[in-house]
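Comments concern the structure below.
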Amino acid sequence: MTPFKRLNSTTVVLTERNIDTDQIVPARFLTTTNRRGLGQAAFADWRFDKHGQVREDCPLNARQAETSEVLVAGENFGCGSSREHAVWALLQFGFRVVISSRIADIFRANALRNGLLAIEVDADTHAWLLDNPGAGVTVDVVQARLRLPDGRDIEFELDPFARTCLIEGVDALGYLLGQEQAIAGFEQGAREAA
Amino acid sequence: MSQTLFDKLWNAHIVRPETPDAPALIYVDLHLIHEVTSPQAFTELAERGLKVRRPDRTVATMDHSTPTWPADLQGQRRYASEQAWEQVRTLLDNCDEHGITVHDWDSPNRGIVHVMGPELGLSRPGMTIVCGDSHTSTHGAFGALAFGIGTSEVGHVLATQCLLQRKPGKMRVTVDGRLGAGVSAKDLVLHVIGRIGVDAGTGHVIEFAGSAIRALDMEGRMTVCNMAIEAGARAGLIAPDQTTVDWLRGRAHCPQGEDFEQAASQWLQLKTDPGAHFDREFRFDAEEVAPTITYGTHPGMVVGVDQAVPASIDAAGRRAMDYMQVTPGQSLLGRKVDVVFVGSCTNARLGDLRAAAEIMRGRQVADGVRMLVVPGSEQVRKAAEAEGLDQVFLAAGAQWREPGCSMCIAMNGDQVGPGQTAVSTSNRNFEGRQGPGSRTFLASPATAAACAVKGCITDPRHIDGPPEVRIHFPAPRQMEARQ
């Protein structure tokens, strides 16, 4: 993973609530056995009509979306299926941050495991972001702060462990492998108790 | 201090307690894997030169990408694509390389992962169970802590048998009273999700309690816990009781004989202490639950099948109703149906098939309706065939398929066509879930079967015409929320 400390970007806004991972990556793209080539699958049925034509009214197809790294979405983003393909697809599409007022548990865990920062913000901030697509925001991972163009500077919750992984660009598996002694000890204890 | 069932399960699996700087290290007793969410995890292991730490705690099945058509005379299966076949082959190769038991085409136990695990007695009270599949919450019906994970975490468990987790919050949904005739566990859980919302459980583990939950058989309990994720919950849980013990006795992977009785007496201790604290609580009365159906594009948009859908809606509701071609304020009864699907990890167990068959017996699938009945596992298929349920469905004009996820996730070629209306016993009615442009109405097996027979959305209690006396359901009581 690439270390992620801070970024400035305009936002792309999807106002819909309860955007599920079937919308983010439809199941027909899940027969892959690797993590590649999913950028095209991101929101495929929102970005393209049934004839494969680009939907001009989809915010993800706007020119600005090509350079935007921040996706703002309606409440309860990423609900439904546990498919990590949803996170891979968003990263490959070009996003590094997702902001909503509520983010589903499994999606959030998957996001942080891959260096996609999923941020929950309060209702006022969320409403402002939904109303101002294309706003230029600053996301500071080190300070866990989101800065809006009107000067608001909002602290967001970020698990210290996930923050370290993001800043250093490392994943959790290395840390887990370092716990071998504790794991073996637990297994030994469980066997003795049985 | 009084503890909840979830506290007890959590505490018993802490390898390292959580600190401000690091989440808890939680031990996983059983890791179930399947072809869709595991290949990239095995690649990760290979790239780092790692082995599967506990192949003996890992069990694989193939269910999502697998065709449900029987093999042809040459033994060939009709995969939806080369890639789907490749994915299944990759699973078989990975299991072979790492010494993992896999229930493949030759296994008499192959099935949807959340049907197969319990059936084999792999899922037992007191365990931690994970799988790269959100409906892993199903196994919570046995008083196990069971939840879905992503592929990175599948890799973590393969490599270390552990997960890094912050402890979720605690929520309880109590349902007292008795379900009415023709009302099932599926109706109950749809009703609950409709009231509490699709994100009420986010960040929480839900314990289901109350006399209506205790009255459910294990299949019904699995249906309820299966749908806990549709309320956003990390997991669903039901305390083990004699129903649990009786269901598990004699299952292949359960202890046998005296060992079983000893285990069972421990399982029966697993329950929430009186006075234990929950962060959120909801209460419902089972008598208020009608046969319930969804009308929108998430499982919280529900209505009693004989009631009108809401008249006043917000923008999200409008978008959903536009997509579904549902008119605000109107009843769904009589809405033409193109496809009926009885299957999935929610409702493809023997009791579900019996409920559907009871409606189908001596009746025909209506003209213009395609009905698929897909048993949840080989064991379910054989048991259903032994009592002639397959013949009931076939005689009615339905298709009787081989086990798999099939049309629930629609990635194996079993699909609902664009613009078509499907009544499904599965768990998700998201836009395009059952195929691009598909419109899904979620319901119980009995309701789905009634819709197949009538060719339109139908109240299963009134399949032979309108009732002489309308059953009246009182207005829903305001739910009590104790914070």
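The values are calculated or read from the model by the stated rules, or taken from the named source; none is laboratory data. Everything quoted here is computed from the prediction, not taken from an experiment. Every residue, glycine among them, receives a Cβ derived from its backbone with ideal geometry; neighbour counts consider all protein chains shown. Side chains included, ligands, DNA and RNA excluded: accessible areas come from the protein's heavy atoms. Shrake-Rupley method; radii C 1.70, N 1.55, O 1.52, S 1.80 Å.
Which ³J(HN,Hα) values in Hz, rounded to whole numbers, follow from the phi angles of segment B:188-202 under the Karplus curve 6.51 cos²θ - 1.76 cosθ + 1.60, where θ = phi - 60° and Gly and Pro get x?
3J(HN,Hα) across segment B:188-202, in whole Hz: 4, 6, 5, 4, 4, 5, x, 7, 8, x, 6, 10, 4, x, 3.
Can you run phi through the Karplus equation (6.51, -1.76, 1.60; θ = phi - 60°) for segment B:358-366 and list ³J(HN,Hα) in whole Hz, with x for Gly and Pro?
3J(HN,Hα) across segment B:358-366, in whole Hz: 4, 6, 6, 4, x, 10, 10, 5, 4.
Restricting to bridges with both residues inside chain B, how much of the DSSP beta-bridge set is antiparallel, in percent to the nearest 5? Numbers along the way, then the final one.
Numbers: 15 of 56 bridges.
So the antiparallel bridges amount to about 25 percent of the total.
Can you tell me which lysines have their Cα less than 30 Å from the Cα of A:Lys5? Leave out same-chain residues fewer than eight positions away.
Once the sequence-local lysines are set aside, what remains near A:Lys5 is B:Lys167.
By average Cβ neighbour count within 10 Å, what is the ranking of B:414-426, B:138-150, B:183-195 from highest down? The partial results should precede the final answer.
Details: B:414-426: 23.0, B:138-150: 29.8, B:183-195: 25.6.
In descending order of packing, they fall as B:138-150, B:183-195, B:414-426.
How much of the DSSP bridge set in the protein assembly as shown is antiparallel, in percent, rounded to the nearest 5? Can you show the working numbers first?
Details: 27 of 81 bridges.
Counting only bridges with both partners in the protein assembly as shown, antiparallel ones make up about 35 percent.
How many Cβ atoms of partner chains, on average, are near each residue of B:234-240 if near means within 10 Å of its Cβ?
Details: counts 4, 1, 0, 0, 0, 0, 0.
That average works out to 1.
When a/c is below 1.5 the answer is rounded, else prolate if a/b is larger than b/c, else oblate, so apply that to the protein assembly as shown with a ≥ b ≥ c taken from the square roots of the Cα gyration tensor eigenvalues.
Numbers: a/c = 1.35, a/b = 1.13, b/c = 1.20.
Cα axes put the protein assembly as shown in the rounded bin.
Go through A:Pro133, A:Val121, A:Phe93 and say which Cα lies farthest out towards the positive end of the charge dipole of segment A:87-133; charges sit on Cβ, +1 for Lys and Arg, -1 for Asp and Glu.
A:Phe93
If one computes the Cα centroid of segment B:264-297 and of segment B:344-397, what distance in Å separates the two points?
29 Å
Where both partners of a DSSP beta bridge lie in segment A:6-169, what percent of those bridges are antiparallel, to the nearest 5? Before the final figure, lay out the partial values.
Details: 12 of 25 bridges.
Counting only bridges with both partners in segment A:6-169, antiparallel ones make up about 50 percent.
If you add up the charges near B:Asp96, with Lys and Arg at +1 and Asp and Glu at -1, over every other residue whose beta carbon is less than 14 angstrom from its beta carbon, what do you get?
Details: positive: B:Lys51, B:Arg89; negative: B:Glu35, B:Asp93, B:Glu97, B:Asp104, B:Asp106.
Once positives and negatives cancel, what remains is -3.
So, in nm, how far is label B:Asp72 from label B:Arg319 when the simple model puts each one 7 Å beyond its Cα toward the Cβ?
Simple spin-label model gives 4.4 nm for this pair.
Among the listed pairs A:Lys50/B:Lys186; B:Lys186/B:Lys336; B:Lys271/B:Lys382, which have their C-alpha atoms separated by more than 28 angstrom in this model? Don't jump to the answer; show the numbers that get you there.
On the way: A:Lys50/B:Lys186 33 Å; B:Lys186/B:Lys336 22 Å; B:Lys271/B:Lys382 35 Å.
Checking Cα-Cα distances, A:Lys50/B:Lys186; B:Lys271/B:Lys382 exceed 28 Å.
Let me make sure I get this right: for segment B:78-226, a, b and c are the square roots of the gyration tensor eigenvalues over alpha carbons, sorted descending. Under 1.5 in a/c it's rounded, otherwise prolate if a/b > b/c, else oblate. Which is it? The partial results should precede the final answer.
Values: a/c = 2.12, a/b = 1.63, b/c = 1.30.
It comes out prolate by the Cα gyration axes.
Under 5 Å between amide hydrogens, which residues at least 5 positions from A:Val25 or on another chain qualify, with H placed 1.01 Å from N in the peptide plane?
A:Phe43
Could you check which residue among A:Ile106, A:Ile154, A:Ile183 shows the biggest mean-square fluctuation in a GNM of chain A with a 10 Å Cα cutoff?
Comparing A:Ile106, A:Ile154, A:Ile183 in a Gaussian network model of chain A, the most mobile one is A:Ile183.
Expressed in nm to one decimal, what extension gain is obtained for the pair A:Ile167 and A:Arg36 from 0.36 nm per residue of sequence separation less their Cα-Cα distance? Intermediate results must be reported in sequence, preceding the final value.
Values: separation 131, 0.36 × 131 = 47.16 nm, distance 2.36 nm.
So the chain would gain 44.8 nm between A:Ile167 and A:Arg36.
Can you list the HN-Hα couplings for segment B:148-156, worked out from phi with the Karplus curve (6.51, -1.76, 1.60; θ = phi - 60°), rounded to whole Hz and with x for Gly and Pro?
x, 9, x, 5, 4, 6, 4, x, 4
Given H placed on each backbone N at 1.01 Å, which residues far from B:Ser424 in sequence or on other chains put an amide H within less than 5 Å of it?
Distant-sequence amide H within range of B:Ser424: B:Phe341, B:Phe441, B:Leu442, B:Ala443.
How many square angstrom of accessible surface are buried between B and A, both sides summed, with a 1.4 Å probe and rounding to 100? Before the final figure, lay out each step's value.
Details: alone 19260 and 10620 Å², together 25270 Å².
Summing both sides, the interface buries roughly 4600 Å².
For peptide B:140-152, what's the mean number of Cβ atoms from other chains within 10 Å of each residue's Cβ?
On the way: counts 0, 0, 0, 0, 0, 0, 0, 3, 6, 6, 15, 10, 10.
The shielding value for this peptide is 4.
Specify whether the C-alpha gyration tensor of chain B places it in the rounded, prolate or oblate class, a ≥ b ≥ c being the square roots of the eigenvalues: rounded for a/c under 1.5, otherwise prolate if a/b is larger than b/c and oblate if not. Write out the running numbers ahead of the final one.
Working: a/c = 1.58, a/b = 1.19, b/c = 1.33.
Since a/c reaches 1.5 but b/c is at least a/b, the shape of chain B is classed as oblate.
Counting only other chains, what is the mean number of Cβ atoms within 10 angstrom of the Cβ of each residue in peptide B:422-435?
Taking the mean over all residues of the peptide, I get 3.
Taking H placed 1.01 Å from N in the peptide plane, check which residues at least 5 places from B:Gln399 or on another chain put their amide H under 5 Å from its amide H.
Amide H neighbours of B:Gln399, under 5 Å, 5+ apart: B:Met371, B:Leu372, B:Val373.
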